[in-house]
Amino acid sequence: MASHNAHSSSAQKQTVLVLAAFAAELLLFFYSRNAFGPLLSPILYMGASVLFVGAAWRALRGQPYLLPTSKSGYGRPQWAYVAAMAMLAVALYPRIQEIIAQYPVDVKMSDVLPSLEVYLRRLQNGEPVYALITEFGYDLSPTYLPMMWLPYLLPDALNIDYRWLGLWVLGLGALLYAYRLAATRPSFYGGITKLLLPLLLFWPLLGHDTHILGLSIETMIVGYYFILVAGVLSQSTLLRAIGLVLCLLSRFSLLFWVPFYLWLIYRHEGPKRAIWLTALVAVGILGIYVLPFLSADWSAFMKGQGAYTTAAVAEWQNNLNAEGNPAQLFRGVGLASLFYTYAPGDFATRINLLRLVHMVVSVGSVAAVAVWYWVSRARPTLDYRHLALLALKLNLTFFYAFIQVPYDNLLLLVPFLSVWIIMCLKEPDPAPVQSS
């Protein structure tokens, strides 16, 4: 009895710490962004995300993994969660429609949506998609990978506003989240709470952060990662491959995490499964990007990366706030403000230093997890699927914290990943009833 109580109390403390770190993420990114100033706020925000990963690692140690299966006896509640999530999505439709109407497509406000139109028209007209864009009155090197623009053929054919596609993809990811949630066998109130977590993060986008919905396609990227995580937490090689291809061919932020994940699959599910997954991803990348587009101009990819650096230099020099600092760097969500303020040299030198640190911490975060995994392999305490998810969250935390220009829409992905980790947490077992 005493042992059970001690274990239950420890589990509750660990869960409380995870939720506290999540609350800090939520507040520092949405409601109290830049509350501690542009130099301290991003450090606190990154620290909250790292604390979240550490607390979740402690909470998930020794926790059994539950696979979704129709034989679990949870078929009906499983679909009830999916239906409830679908109804929540439908209920948000009027407000989202209002937001889209508030942001007309205008290259003077953002070149994201106009660029998508250029990509699609070139493809439909048989023109080189990745040629220099000159339609906006200035030269713009195409930087979007195919899964950032190719899916928009669907809303284009249906004559529907492009921004709905990102919401549809995120909606699909939310349905997969609800389906997987049921397999964790939550209590009634625990299930409702976890079901509402994605909505808790989406809610600010309907209020003071409407520009993320109106000017960007970030909901599609978040949806891609929801699909990926659903695959990580499943046994489906196809779903995993789809998720990896979608993410790698949109923004390759997870590039350094992928080899570690494939290694986990190799060690825990065997070489056959790892080879099949690698082959499917390779075929997807070759068929969607390399053969139809990159082979037409092998320098297109590097030109796109150079364009990112050029754009970063422009952001560091222009669009100044009232204090005379670059507005996008001093919004309290990225560490670029520290390099701008304290790093030596001109803008190019400081940006190159940030790029170097960005690369080191992005690779180092995955390498550190891989070393820990190898050292502790003889006494594993964490299911490899949970480990893969925590490693992804940690890697993306550092990747976006040190990005050259920390646009808030880019960093949106990091807190959204937290809901999947919270969903995996097993609720503490109820204390047994004591007999008199």
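The values are calculated or read from the model by the stated rules, or taken from the named source; none is laboratory data. Only a predicted model underlies this, so the values are computations on that prediction, with no experimental measurement involved. Glycine also receives a Cβ, built like all others from the backbone with ideal geometry; neighbour counts cover every protein chain displayed. Side chains included, ligands, DNA and RNA excluded: accessible areas come from the protein's heavy atoms. Shrake-Rupley method; radii C 1.70, N 1.55, O 1.52, S 1.80 Å.
General remarks:
Listed here are the residues, each with its yes/no results for (1) open to solvent by less than 70 Å² (accessible area, probe 1.4 Å); (2) modelled with pLDDT under 95.
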{"residue": "Arg58", "(1), (2)": "no, yes"}
{"residue": "Pro68", "(1), (2)": "yes, yes"}
{"residue": "Trp79", "(1), (2)": "no, yes"}
{"residue": "Leu92", "(1), (2)": "yes, no"}
{"residue": "Gln97", "(1), (2)": "no, no"}
{"residue": "Ile100", "(1), (2)": "yes, no"}
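- Any chance Ile275 is in a helix (DSSP H, G or I), modelled with pLDDT of 95 or more and farther than 30 Å from Trp374 by Cα: no
- Residues satisfying the criterion are present in the stretch 407-415 (criterion: in contact with a Lys or Arg (Cβ under 8 Å, 6 or more places away or on another chain) and within 16 Å of Trp257 (Cβ to Cβ)).
- Summed over the stretch 288-323, the residues that are open to solvent by 90 Å² or more (accessible area, probe 1.4 Å) and not in a helix (DSSP H, G or I) give a count of 5.
- Residue in the stretch 192-212 that is among the β-branched types (Val, Ile, Thr) and open to solvent by less than 10 Å² (accessible area, probe 1.4 Å) present: yes
- Residues within the stretch 142-164 that are more than 21 Å from Ala241 (Cα to Cα), assigned to a helix (DSSP H, G or I) and touching a residue at least 40 places away in the same chain (Cβ under 8 Å), tallied: 2
- Checked against (1) open to solvent by less than 20 Å² (accessible area, probe 1.4 Å); (2) more than 14 Å from the chain's Cα centre (by Cα); (3) within 26 Å of Val16 (Cα to Cα), Val229 passes all but a single condition, namely (2).
- Contact map, the stretch 21-32: first residue free of Cβ contacts under 8 Å to residues at least 40 places away in the same chain, second residue in a helix (DSSP H, G or I) and of a type in the set (Phe, Trp, Tyr), Cβ cut-off under 9 Å, separation 6 or more or different chains; pairs are Ala21/Phe52; Ala24/Tyr45; Ala24/Phe52.
- Ser49 satisfies every condition listed in (1) at pLDDT below 95; (2) within 30 Å of Gln235 (Cβ to Cβ); (3) surrounded by 15 or more Cβ atoms within 10 Å (Cβ to Cβ) except (1).
- Evaluating Ala391 against the criteria (1) under 14 Å from the mean Cα position of the chain (by Cα); (2) over 15 Å from Pro259 (Cβ atoms) leaves one unmet condition, (2).
- Test: residue in the stretch 365-372 that is under 29 Å from Pro142 (Cβ atoms) and either at pLDDT 95 or above or surrounded by fewer than 23 Cβ atoms within 10 Å (Cβ to Cβ) (or both): yes
Table: residues versus (1) open to solvent by 50 Å² or more (accessible area, probe 1.4 Å); (2) modelled with pLDDT of 95 or more.
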residue	(1), (2)
Val333	no, no
Pro344	yes, no
Arg350	no, no
Val360	yes, yes
Ser376	no, no
Pro380	yes, no
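- Every residue from the stretch 177-189 that is in a helix (DSSP H, G or I), surrounded by 17 or more Cβ atoms within 10 Å (Cβ to Cβ) and out of contact with any Ser or Thr (no Cβ under 9 Å at 6 or more places or on another chain): Tyr177, Ala178, Tyr179, Leu181
- Some residue of the stretch 122-142 being open to solvent by less than 40 Å² (accessible area, probe 1.4 Å) and either at positive phi or at pLDDT 95 or above (or both): yes
- Pairs with Cβ under 7 Å, 6+ apart, first in the stretch 121-141 and without any contact (Cβ under 8 Å) to a residue 40 or more places away in the chain, second among the β-branched types (Val, Ile, Thr) and open to solvent by less than 80 Å² (accessible area, probe 1.4 Å): Arg122/Val129; Leu123/Val129; Ile133/Val118; Glu135/Val118; Phe136/Val107
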